[in-house]
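What follows is a short report on a single structure.
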Amino acid sequence: MEEKIEIMFQPIKKIVILECAQFSNNEFFRRVELMARSGHPVALNWAEGIVFLAMPYHPESDVMIGQTLKGTMYLSSVMFSLMPEYQSIKKMGTLEIPVIDQTSIPYLRQVAQWLKKRIKH
C-alpha cells in the first residue's frame, strides 16, 4: 500500500531584484547573442510586451536559504527591452533563441508589469 504524502503549494510572496537594466532592442539581443555564443544556455521570458532575462541569485548562506523558504526570491540581475509582439523564436544569425510566453505564470507576469512601469523612452 502506498503511503499518502502531503503536497503543498507555497507561492513566491516577494521578489528582490538586485540589478535591473533596460536596453534598446538591438542592444538587448546583441547581449543575449554574446551570452549564447559563449556557451550560456539562454531562454528569454516575455509578458506584457516586455522581453527579459532574469538571472537568479543562488542562495548559499543559511540566511538566504531561510528567506527563500519564506517565499522571497532573489534575482541577481534582470535585463529587459520592449517587445510589443510575442515571437516564440528570436533568430540572430545562425542562432535561434527561444522566447517563452510567461503570461500565464503570475510571478513572471508581475515582474514584466513592474519592468514595464520603469520603461525609459
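I need the calculated FRET efficiency for the pair K14 and T94, taking r as the beta carbon distance and R₀ as 41 Å, to the nearest 0.05.
After rounding, the FRET efficiency stands at 0.55.
In this simple spin-label model, placing a label point 7 Å from the Cα along the Cα-to-Cβ direction at both Y86 and M55 gives a separation of 2.7 nm. Note on the chain: antiparallel DSSP beta bridges, both residues inside, total approximately 60 percent of the bridges counted.
In terms of surrounding Cβ atoms within a 10 Å radius of their Cβ, T94, T72 rank from fewest to most as T94, T72. Starting from the Cα of K14, draw a straight line to each of the lysines and keep only those under 17 Å, dropping any in the same chain fewer than 8 residues away. Excluding near neighbours in sequence, the set is K70. What you get for the chain, charging only the Cβ of Lys and Arg (+1) and of Asp and Glu (-1), is a dipole of about 560 debye around the Cα centre.
Got the relative contact order for region 14-116 handy, in percent, Cα pairs under 8 Å and 6 or more residues apart?
The value is 39 percent.
Taking θ as phi - 60° and the Karplus parameters 6.51, -1.76 and 1.60, the scalar couplings of region 34-42 work out to 4, 4, 5, 5, 8, x, 6, x, 10 Hz in sequence order, x denoting glycine and proline.
For region 7-22, the Karplus equation 6.51 cos²θ - 1.76 cosθ + 1.60, evaluated at θ = phi - 60°, returns couplings of 10, 10, 9, 10, x, 5, 9, 8, 10, 10, 9, 7, 9, 9, 9, 8 Hz by residue, with Gly and Pro reported as x.
Ranked by the mean number of other Cβ atoms within 10 Å of their residues, highest first, the peptides 48-55, 3-10, 86-93 come out as 48-55, 86-93, 3-10. Karplus-derived 3J(HN,Hα) values for region 104-113, using 6.51 cos²θ - 1.76 cosθ + 1.60 with θ = phi - 60°, are 7, 9, x, 6, 6, 4, 5, 4, 4, 4 Hz; glycine and proline are entered as x.
Read-outs throughout are calculated quantities, based only on the coordinates presented, and are distinct from any laboratory measurement. Predicted model only: the values in this text are computed from it and were never measured. Heads up, the Cβs are rebuilt from the backbone with ideal geometry, glycines too, and the neighbour counts pull from every protein chain shown.
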